[in-house]
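Asker: I'd like to ask some things about the structure below.
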Amino acid sequence: MKLRVVSKNEVSGHSKSRFSKEGAGNVGQLKITKISQQIKKSDRYSIYINDKYSFSLNEYQLSSANISIGKIVTKTELENYATESQFGKIYERALGYVMIRPHSSKEIHDYLVRILFYPRPKSYVDKSGQRQYIKQAVDKVQAQQILDRVTSRLSEKGYINDEVFANAWVASRASNKKSSTRKIRQELLTKGVSDQIIATVLQKNNIDERDNIQYIISKKRRQQKYQDDTKLKQYLLRQGFGYDDIKASLNSMDSE
C-alpha cells in the first residue's frame, strides 16, 4: 500500500456542464470560468477557477455565495469558499447520521471528530492496475471550526438533545431487549448522557424489571444450558437484574 499526502488543490471528479465557460483571463488572476452540476450528486455544483476544478457547493450555498462566471476572486475569498464547501459536505453527512436514529451529543461529536480529523484515505487504480491510497492532509484548525459550526447548526435544528435520545434509548432497550434498569443506565453513561437526565428518563419510563426477567427466563429455558437455575441466575445477574427480583420471578414461574 502506497500512501502520500494530498494537497488541498488535488481533487478528482466528473461533472456535466450547466453553464457557459469563459477564458481564464489575465495570468495571475483567480477567475471563475465554469460552474457545472455534478452527475452523481445533482444537488452539488462544481466551481472551476482558471479552467481547473476548485471546490463544490450545494444549491443553497451557490445561490447565497454571489458566485458567477467571470467573477474575479481573491485568494482569501477562494479559501473561504473552500471552507464553506467542506462545511456543506460535513453537515450533509452529519444529517444522514442523525436521521438513522436518535444519537447522543457525545455520539455525534465522536462521529464528527472521526470524519474530520481521521478521514479515510482516498484510493485510485494506477496504470498497472494496482489500487493506491492517498492519505488526506488535515487542517486541524479548520476541522475544529467546521466541527463547531456543524454542532451548532444541528443543535439549532433540534437534532442534538440528550433527553430525547435517552427516552428513545430506554423505550427501545426496555421493550425490545428487555434490558435491566442498571444495564440501560450504564449504556447511557457510556454514551455521554448526564446522571440527571438518566435519572429523569428512567423515572418517567418506569421499567417493570420482573416482567422483563420472566420474559428472559421463558426464552432462555428453551436452551439446554439454562435448564439449570443456577446458570440462569448467573446470566440474569450479569444482565444487571437484582438478586431478589430474579429469585422472586423464578419462584413465581415455577409455582405456575
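The values are calculated or read from the model by the stated rules, or taken from the named source; none is laboratory data. It should be emphasised that the depicted structure is a prediction, and the values quoted were computed from it without experimental measurement. Virtual Cβ from ideal backbone geometry, glycine too; neighbours counted across all protein chains shown.
Asker: Can you tell me which residue among SER105, SER175, SER85 is surrounded by 13 or more Cβ atoms within 10 Å (Cβ to Cβ), more than 25 Å from GLN38 (Cα to Cα) and either among the small types (Gly, Ala, Ser) or touching a Phe, Trp or Tyr at 6+ places or on another chain (Cβ under 6 Å) (or both)?
Answerer: On the way: SER175 fails: surrounded by 13 or more Cβ atoms within 10 Å (Cβ to Cβ); SER85 fails: more than 25 Å from GLN38 (Cα to Cα).
Answer to the selection: SER105.
Asker: Filter region 125-144 for residues that are surrounded by 15 or more Cβ atoms within 10 Å (Cβ to Cβ) and under 30 Å from VAL164 (Cα atoms) and give the result.
Answerer: If the condition is that a residue be surrounded by 15 or more Cβ atoms within 10 Å (Cβ to Cβ) and under 30 Å from VAL164 (Cα atoms), then ALA143 is the only one that fits.
Asker: Among the numbered conditions (1) at pLDDT 95 or above; (2) surrounded by 14 or more Cβ atoms within 10 Å (Cβ to Cβ); (3) not small (Gly, Ala, Ser), tell me where LYS220 comes up short.
Answerer: Failing condition for LYS220: (1).
Asker: Quick check: is even one residue across region 57-79 part of a strand (DSSP E or B), surrounded by 13 or more Cβ atoms within 10 Å (Cβ to Cβ), in the same structural domain as ILE115 (by TED's automatic domain parsing) and not β-branched (Val, Ile, Thr)?
Answerer: yes
Asker: While we're looking at this one, here's another question. Could you tell me whether region 116-124 includes any residue that is under 19 Å from LYS41 (Cα atoms) and either surrounded by 16 or more Cβ atoms within 10 Å (Cβ to Cβ) or touching a residue at least 40 places away in the same chain (Cβ under 8 Å) (or both)?
Answerer: Yes; the residues of region 116-124 include at least one that is under 19 Å from LYS41 (Cα atoms) and either surrounded by 16 or more Cβ atoms within 10 Å (Cβ to Cβ) or touching a residue at least 40 places away in the same chain (Cβ under 8 Å) (or both).
Asker: Provide a single number: the residues in region 149-171 that are assigned to a helix (DSSP H, G or I) and in contact (Cβ under 8 Å) with a residue 60 or more places away in the chain.
Answerer: Of all residues in region 149-171, those assigned to a helix (DSSP H, G or I) come to 149-156, 162-171.
Those still in the list that are in contact (Cβ under 8 Å) with a residue 60 or more places away in the chain too: 149-150, 153-154, 164-166, 168-169.
Matching residues across region 149-171 total 9.
Asker: I'd like the full set of residues that are under 25 Å from TYR53 (Cβ atoms) and among the charged types (D, E, K, R), limited to region 81-118.
Answerer: Across region 81-118, the qualifying residues are GLU84, LYS89, GLU92, ARG93.
Asker: Further, regarding this structure: Which residue out of LYS219, LYS204, LYS233 is over 36 Å from the mean Cα position of the chain (by Cα) and either basic (Lys, Arg) or outside any helix (DSSP H, G or I) (or both)?
Answerer: Answer to the check: LYS233.
Asker: Among the candidates SER194, SER152, single out the residue that is modelled with pLDDT of 95 or more, in the same structural domain as ASN80 (by TED's automatic domain parsing), surrounded by fewer than 16 Cβ atoms within 10 Å (Cβ to Cβ) and polar (S, T, N, Q).
Answerer: SER152
Asker: Given the criterion closer than 16 Å to GLU84 by Cα, hydroxyl-bearing (Ser, Thr, Tyr) and touching a strand residue (DSSP E or B) at 6+ places or on another chain (Cβ under 9 Å), identify the matching residue among SER68, SER54.
Answerer: Being closer than 16 Å to GLU84 by Cα, hydroxyl-bearing (Ser, Thr, Tyr) and touching a strand residue (DSSP E or B) at 6+ places or on another chain (Cβ under 9 Å) holds for just one of SER68, SER54, which is SER54.
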